[in-house]
1. With Rg and the Kirkwood Rh both taken from Cα atoms, where does Rg over Rh land for the chain?
2. What percent do you get for the relative contact order of the range 80-140 when only Cα pairs under 8 Å and 6+ apart count?
3. Rounded to whole Hz and in sequence order, give me ³J(HN,Hα) for the range 428-442 from the Karplus expression 6.51 cos²θ - 1.76 cosθ + 1.60, θ = phi - 60°, writing x for Gly and Pro.
4. How large is Rg over Rh for the range 401-486, taking Rg from the Cα atoms and Rh as the Kirkwood inverse mean of 1/r across Cα pairs?
5. In deg cm²/dmol, rounded to 500, what helix-only [θ] at 222 nm does the chain give when every DSSP H run of at least 4 residues adds -39500 (n - 2.57) and the total is split over its residues?
6. How large is the convex hull of the Cα atoms of the range 91-143 per residue, expressed in Å³ as a whole number?
7. What number, in percent, do you get for the relative contact order of the range 248-355 if the mean sequence gap of Cα pairs under 8 Å and at least 6 apart is divided by its residue count?
8. For the range 634-715, what is the convex hull volume of the alpha-carbon atoms per residue, in Å³?
Amino acid sequence: MNDTDEGFIKSDSYEERRAKVNDFIHEASYVPMKEKELAVFFQVASEDRDELTAILDDLMSCGMIERTKRGRYAPSDGGIVGIFTSNSKGFGFVTVEGKDEDIYIPQGETKGAFPGDTVSVVLVPSSGPRKEGRVGRILVRGITELVGTYEASKTYGFVRPDNKKIPSDIFVLKEKSRGAVDGDKVVVEITDYGDMDNGKSPEGRVKEIIGNINDPGVDIISIVKAYDIPFEFPERVMNQAERTADSVSEADMAGRRDLRDVQMVTIDGADSKDLDDAVNVTVDDKGLFHLGVHIADVANYVQENSALDREAKKRGTSVYLVDRVIPMLPHKLSNGICSLNQGEDRLALSCLMTINRNGDIIDHDIVESVINVDKRMTYDSVARIILDEDPEDCEKYAELVPMFKDMYELARILKAKRTKRGAVEFDSVESKIVLDSEGKPVSIKPEIRNAAHELIEDFMLSANETVAQHFYWLQMPFVYRTHEQPGPEKIDALASFVRGFGYHLNFKSDEIRPMEIQKLLSKVSGSAEQAIISRVALRSMMQAKYTTECSGHFGLALQYYCHFTSPIRRYPDLQIHRIIKDFLRGRMDDKKMAHYAEILPEVANHSSETERRADEAERETDKLKKAQYMEEHIGEEYEGTISGVTGFGIFVELENTCEGLIRLSDMTDDYYEFDPDNYTLTGTDFGKVYSLGEKVRIRVRAADRVEKTIDFEMLD
C-alpha cells in the first residue's frame, strides 16, 4: 500500500492497517463505500489490493462491519457475532467465541443461514434457561460449495448434501448439471443461498463429478472433498519437490554435530514409510540415562514461503484415512530425503537429554546433526524383545538388545514420573479397519497399543517438553501445544456424576488439578463403573490446540509443552524447527523476532483448524466403513457396551468398535425418561435403568453407508 499521509504507511503492521480501516468505517461522517472506493481513499496500489480485501473480510468475520446487498461496507448492526450451526429440523445454534453456552435459534429465525456462516444475533426473551435469539444478518458465508448425491429429473435435478446439518437440497437446473446422472457424487457450487425460512431452496451448479456412488474409492474421496482437504499437489509444488536432493552432501553436513557413529533406531508401524524420529539410549557409569531424540530436519529442504512451504501450511497436517494417507509434503520428501531410512545419512535436529533415576531431565542440548540409523524396527518386534525376550528376535537384533532393555527401563521411570505428577491417561481404543482391493471392509477390530508404542511416546513427550521449556525461557516467539483445564460447569457436572457412584472429586474455586482426575481414574480401574466414569471424564476435557502463549498442558500436567517431533506431518513442528535453526545459527535478531511474532498467531490458529478438520474427516471415513461392514451382518446378535445415553436413544459399542443406535421410539416395552445429569434412561412402568458402561445384548437392525449410521435393537 502506498506511503501516504491519508492512507497506509509502509511501516504499519497488518493490525495497524486493519485498525485504520475499521476506525474510518465507524466515523460518524462515513458514508458506506464499495471496496474500490475505499481503495481510492486509502490510495492502495493495485498490487496491494489483496491485503485490503483480506482486511475487509477479517472485519466482517469479526462482526465489526458488514457488506450491504449493493456491495458497500458499513458498520455492523451491533448484534452478538458467532458461528451458526444448523439442524436438519430447521432450528440452529450460534457459538460465540469465549462463551460456554450457545444461543438457540428457533425455526423461522435463521434467516437462511448455513452451517459455518458468521452471523450477528439479536437476543429475544426466552422461556427456558438457554439464551434464545434470531439471526440479524449473515456476515460471512462459511460454505460456498458442498458435496452430495445428484438426483436427476427431465429439466432439473437436486443435490442431496452429505452434510446432514444442511437442512435443504440444492436445486440445479439441467444446463448446470455438467451431465450428472442419478447416483453421482458431485461437488456443487452454491449460486443462490435461497431463503429456507420462506420455502425458497438454495440453487447451485455442478462444479465437479467425483464419480458414481458405487464406484470404489468414490465414498472416501467425497469425504475428502466435503472437508475441503487438498488432495493433489499443484504442479509447481511437485516440480520443487523433484528438484530436492536424493542424498546428503558434504556441504549439507558442514557445521553439524556428527552422530553417525551413535547406535540408534527408528521404531514405527510395519507399514510406515515416513520415518521422522530416531532414538538412542545409553547409561553411564553414574547410572544416568542419556536419551537422544533425533528428528528429521525438514526445514532444511522446505524453505519459508516457498511453494512447498505454502502448500504445507495450507494443509497443516497429514490426514490418515481408512484407505489412504493424504500427506502434508510430497512423497519425494516425506518418504525420501526427509525420512530417516536405515543405513542412509540424514540431516536432523537432535534433542540430547541426560535423565536421572527419578526421571528428571538434569541436562540437555539441542543441536543440528547428521545421523545414520542402524535399524528400522517395528513396534511389534521391539515389544517382543522387551516384554517376551523372544529368542528369534533377540538373536536377530542381538547387538541392539542391551539398548532396548535400557530404553524400557528409562520408559518405565518416565511413565512413573508422569503418573506421579498427575498426568491424565485415558484408555482410548482406535479401530483397525482392513479393506479389500475394491475398498470393501473385510475386518474391523480394536488396534492394540503395546509397550513399544508407550516407550516411543514417553521419549517424544520428554523431547517436546524440553524444547518448549528451553525456548520459553529464551523469551522467543514460539508455537506451544496447550490444553486448558475443564470449565467450571464441566467440573461441577463431573463431580456430581461420580458422587452418585460413591466417589469424591477434590477441587477448589472451580479449579481442578489434573492429578485429581488421574486419582479418580485409578480408583475406578477394574471396577464395574470404570467404563462409564472414564467416558464421562473424557467428555469433560477441553480440546488441545496450538497457541503462541505458554499456558500449560492440563492433560499432561506440564507447564511447558510443544510439538517438535513430527515435522513431516505437522506444520507447527516444521515452524518450530525454523525458529530453533535461526537461534542455533545466530540469526535470531530483532527483525527475525518481530517477523515470527507477527506470523505465529495465524500459524497456530490455522494449524488448530486443520487438525480439527483432519480429525473429523478421519472419524467420518471410519463411520462410513463401519456402516458398510455392518450391512453384511444385519440380523446378527452381539454383546455390546452402552457408550452413550440420550433423550432419543441408546448408543451401543461392540467389541469390534462399531457403534450403533437403539432408538427410543423402537423401545416399545416401556416409557423411558432421560436423566441428562447421570446419563441414564429409566422405564416408568418397570423401573428398568439403562446407563453408560452397561453390557447389553443387541441385534443389528439396519446399516446405511450413505447416512453412515448403524441401527440396533435391544434383546431382553
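1. Numbers: Rg = 28.0 Å, Rh = 28.9 Å.
Ratio of gyration radius to Kirkwood radius: 0.97.
2. Numbers: 145 pairs, mean separation 20.4, N = 61.
With pairs under 8 Å counted, the relative contact order is 33 percent.
3. 7, 10, 9, 9, 10, 10, 9, 10, 8, 5, 9, x, 8, x, 10
4. Working: Rg = 18.2 Å, Rh = 16.4 Å.
Ratio value, two decimals: 1.11.
5. Values: 16 runs with 205 residues, N = 716.
When only DSSP H runs of four or more count, the value is -9000 deg cm²/dmol.
6. Measuring per residue, one finds 74 Å³ for the Cα hull of the range 91-143.
7. Numbers: 138 pairs, mean separation 36.2, N = 108.
Reported relative contact order: 34 percent.
8. Working: hull volume 7.4 nm³, N = 82.
Per residue, the Cα convex hull of the range 634-715 comes to 91 Å³.
Every read-out reported here was derived from the displayed coordinates using simple, explicitly stated rules and does not represent laboratory data. Here the structure is a predicted model, which means the values were calculated and not measured. Note: ideal-geometry Cβ built from the backbone for every residue, glycine included; neighbour counts use all protein chains shown.
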